[in-house]
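The values are calculated or read from the model by the stated rules, or taken from the named source; none is laboratory data. Note that this is a predicted model, so its numbers are computed, not measured. As a convention, Cβ positions derive from the backbone with ideal geometry for all residues, glycine included, and neighbour counts pool all protein chains shown. Remember, those area values only see protein heavy atoms, side chains included, never the ligands or the DNA or RNA. Shrake-Rupley method; radii C 1.70, N 1.55, O 1.52, S 1.80 Å.
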Amino acid sequence: MLADIREKDKAGIKIYIVTGGFEVYTKYLEELLPLKVIGTITKYENEDYKIIGKTCNDAEKVKRLNAEIDGEYKLLEAYSDDDEEILYKAEKGYLLEEGELKLVQKPE
């Protein structure tokens, strides 16, 4: 995965991790790798994390990615362990099921 990220970066391809995970835990990846993280936004309040807005899952992932990218873009690959919209927006969407990646097709 790391080699793939670096190879895509060298080719000028922008890499996004769009996750339901809290950005407070995932945003640090931007410091380690050439990518942008879009996740669930939270604030710490009363000794607990409170979600601000919507959790970054399913259709919200596509909405947040569209808001992040100015203009048209091509989504080359998407990976998820849930059958969600972003997989079908990508040229190649991979669903992780029972430990295996399976290519999913756009519904016709």
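Binned at 5 Å from 0, what are the whole-percent values of the Cα-Cα distance distribution for the chain, short to long? Once binned at 5 Å, the Cα pair distances of the chain give 2, 11, 18, 23, 22, 13, 6, 3, 1, 0. Computed over protein heavy atoms with a 1.4 Å probe, the carbon and sulfur contribution to the accessible area of the chain reaches 48%.
Of all DSSP beta bridges confined to the chain, the antiparallel ones make up roughly 55%. Here's the picture: charge each Lys and Arg Cβ at +1 and each Asp and Glu Cβ at -1 in the stretch 1-106, and of I17, Y73, Y44 the one pushed furthest to the positive end of that dipole is Y73.
If you take all other residues with their beta carbon under 13 Å from the beta carbon of I38, and give Lys and Arg +1 and Asp and Glu -1, the sum is +3.
Relative to the longest principal axis of the Cα atoms of the chain, helix 59-68 runs at roughly 90 degrees.
Determine the alpha carbon to alpha carbon distance for each of K36/K102; K63/K106; K14/K54; K63/K89; K27/K54; K50/K74 and list only those over 22 Å. As for pairs spanning more than 22 Å Cα to Cα, those are K36/K102; K14/K54; K50/K74. Rolling a 1.4 angstrom probe over the protein heavy atoms with all chains in place gives the chain an accessible area of 72 Å² per residue. Over the chain, with a Gaussian network built from C-alpha contacts below 10 Å, which listed residue (L32, L65, L75) shows the highest mean-square fluctuation? Looking only at L32, L65, L75, the largest GNM fluctuation is found for L32.
With R₀ fixed at 22 Å, the C-beta to C-beta distance from E72 to K10 puts the FRET efficiency at about 0.45.
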